[in-house]
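Quick one: this structure, given as structure tokens, is what I'll be asking you about.
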Amino acid sequence: MTPGLGFALGAMFCFGASDLIYKRGAAAGIKTGEFLMAQAWIFCPGVTLYAWLTGTLEVHLSALWGSLAGLFLFVALYNFAQSLQGGAVSTNAPIFRLNFTITAALAILLLGETVTVTKTLALCCALVAIWLLLAEGGAERGESSLSSLTRVLIATVAMAFTNFFYKVGLQHGSTPETMVAAQAWMFCSLATVFGLLRESRLPATPGVWSYATLAAVALFGAFVLLLHGLLLGPASVLVPVAQMSFVITALIGVAAFHEQLDLRKCTGLAVATVALALFAWS
């Protein structure tokens, strides 16, 4: 079985929970910039305090890879959110989810990770699952503007490099907690500046702090688990597994919020299960 797979599966569950929290927060009328700012203010001091209390906060040059990951993460999330203003979510969300294929390619080409038939089949199954679960069958897609497509492509590439920088930072000796803390301080600074410039006020929408706290806790678990997994195993396998959080979001949506479970969604979940099994043995 692939080393670090258990951590990646844990990260997948946490990312899935955070995806659902984002979805419920948006439905409650909370703007993206406001949400990200509030979440960052909770996440950043929280993860730093945790790293300090556990003795895993080690400040040295390798932590700069975490800061670089924080910069690219903000670029990814900001541009993805902006892309939805001129394009359909049923088009842009699947494109954004393709970021793990770029991360896998970077890990294979630049870090020397191996290519196997099983890994290739797993990636193909993951792509099919994305199309089935995120590209809404029969939905009105509408016209995506050039600006929207450009932004979602920028977001996709930036997210791929974010995951790649995690692996590089760990290889240079940084601890997972230090990497996450360094990422958090960069992300928090950018989210605050851009949030204040766009909203011209502090987060005040009813419910924003409740949703932001839940999202921060879920993402804390996701990032720490993913980085601990990357200490043990290949990014070309573990990042795709963690990025398949849409499976968890779909399952929770059906179980907790009675969302429709049609043939397309059932097929997507089945294909995703096959992909995870192939990743486990690649």
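The values are calculated or read from the model by the stated rules, or taken from the named source; none is laboratory data. Since this is a predicted model, take the numbers as computed values, not measurements. Please note: Cβ atoms are built from the backbone with ideal geometry, for glycine as well, and neighbour counts cover all protein chains shown. Ligands, DNA and RNA are excluded from the accessible area calculation, which covers all protein heavy atoms including side chains. Shrake-Rupley method; radii C 1.70, N 1.55, O 1.52, S 1.80 Å.
Please list I130, I252 from largest to smallest accessible area, probe radius 1.4 Å, with all protein chains kept in place. Let's see the in-between values first.
Details: I130 5, I252 55 Å².
Largest accessible area first, the list is I252, I130.
Calculated from the structure, Kirkwood radius over Cα pairs in Å equals which of (1) 19.0; (2) 21.5; (3) 20.4?
Matching entry in (1) 19.0; (2) 21.5; (3) 20.4: (1).
A further question follows. Students sometimes get this wrong: rank L68, L232 by accessible area, probe 1.4 Å, all chains present, largest first. Working shown, then result.
Working: L68 55, L232 110 Å².
If we order L68, L232 from most to least accessible, we get L232, L68.
Please identify the cysteines of the chain that lack any partner cysteine with a Cβ under 4.7 Å from their own Cβ.
Taking the Cβ cut-off of 4.7 Å, the unpaired cysteines of the chain are C14, C124, C125, C266.
Given the stretch 179-282, what whole percent of its Cα pairs are spread farther than 21 Å?
Details: 2973 of 5356 pairs.
Beyond 21 Å sits 56 percent of the P(r) for the stretch 179-282.
Now a separate question. How large is the charge dipole for the chain, taken about the Cα centre, if only the Cβ atoms of Lys, Arg (+1) and Asp, Glu (-1) carry charge, to the nearest 20 debye?
Values: 12 positive and 11 negative charges, 31 e Å.
So the magnitude is around 160 debye.
If you project the alpha carbons of the stretch 1-137 onto the principal axes, what extent comes out on each, in Å, largest first?
Principal-axis extents of the Cα atoms in the stretch 1-137, largest first: 42, 42, 24 Å.
What FRET efficiency comes out for S200 versus Q85 if R0 is 25 angstrom and r is the Cβ-Cβ distance? Round to the nearest 0.05.
Values: r = 19 Å, r/R0 = 0.74.
E between S200 and Q85, to the nearest 0.05, is 0.85.
Are there any trypsin sites (Lys or Arg not before Pro) in the stretch 167-224 that are in a DSSP loop and have at most 16 other Cβ atoms within 10 Å? List them by number.
Working: sites: K167, R198, R201; in loops: R201.
Hits after loop and neighbour filter: R201.
W65 accessible area, nearest 10 Å², 1.4 Å probe?
Accessible area of W65: about 80 Å².
Above 23 angstrom, tally the Cα pairs of the stretch 144-237 and express them as a % of all pairs, no decimals. List each step's numbers first, then the result.
On the way: 1801 of 4371 pairs.
When all Cα pairs of the stretch 144-237 are counted, 41 percent exceed 23 Å.
What FRET efficiency would be calculated for the residue pair L261, L111, taking the C-beta separation as r and a Förster radius of 30 Å, to the nearest 0.05? Intermediate values should be presented prior to the final figure.
Details: r = 39 Å, r/R0 = 1.30.
After rounding to 0.05, the efficiency reads 0.15.
Check which residues have an amide H placed less than 5 Å from E259's amide H, if you skip close sequence neighbours.
V254
Taking a probe of 1.4 angstrom, what is the accessible area of L134 in Å², to the nearest 10?
So the heavy atoms of L134 present about 40 Å² to solvent.
Rounded to whole Hz and in sequence order, give me ³J(HN,Hα) for the stretch 265-282 from the Karplus expression 6.51 cos²θ - 1.76 cosθ + 1.60, θ = phi - 60°, writing x for Gly and Pro.
Karplus values, whole Hz, x for Gly and Pro: 5, 4, 5, x, 5, 5, 5, 4, 5, 4, 4, 5, 5, 5, 4, 4, 10, 8.
While we're here: Carbon and sulfur: what percent of the stretch 211-282's accessible surface (1.4 Å probe)? Intermediate results must be reported in sequence, preceding the final value.
Working: 2080 of 2780 Å².
It is 75 percent, rounded to a whole number.
Still on this structure: Go ahead and collect, in residue order, the members of the stretch 261-282 whose backbone nitrogen is under 13 Å from a label point 7 Å along the Cα-Cβ direction of C124.
275
Please compute the net charge surrounding T178, taking Lys and Arg as +1 and Asp and Glu as -1 over other residues with Cβ under 15 Å from its Cβ.
Values: positive: K167; negative: E58, E177.
It works out to a net charge of -1.
Now a separate question. Counting only heavy atoms of the protein chains, get the accessible area per residue of the chain (1.4 Å probe) and round it to a whole Å² value. Don't jump to the answer; show the numbers that get you there.
Numbers: 12350 Å² over 282 residues.
So the chain comes to 44 Å² accessible per residue, rounded to a whole number.
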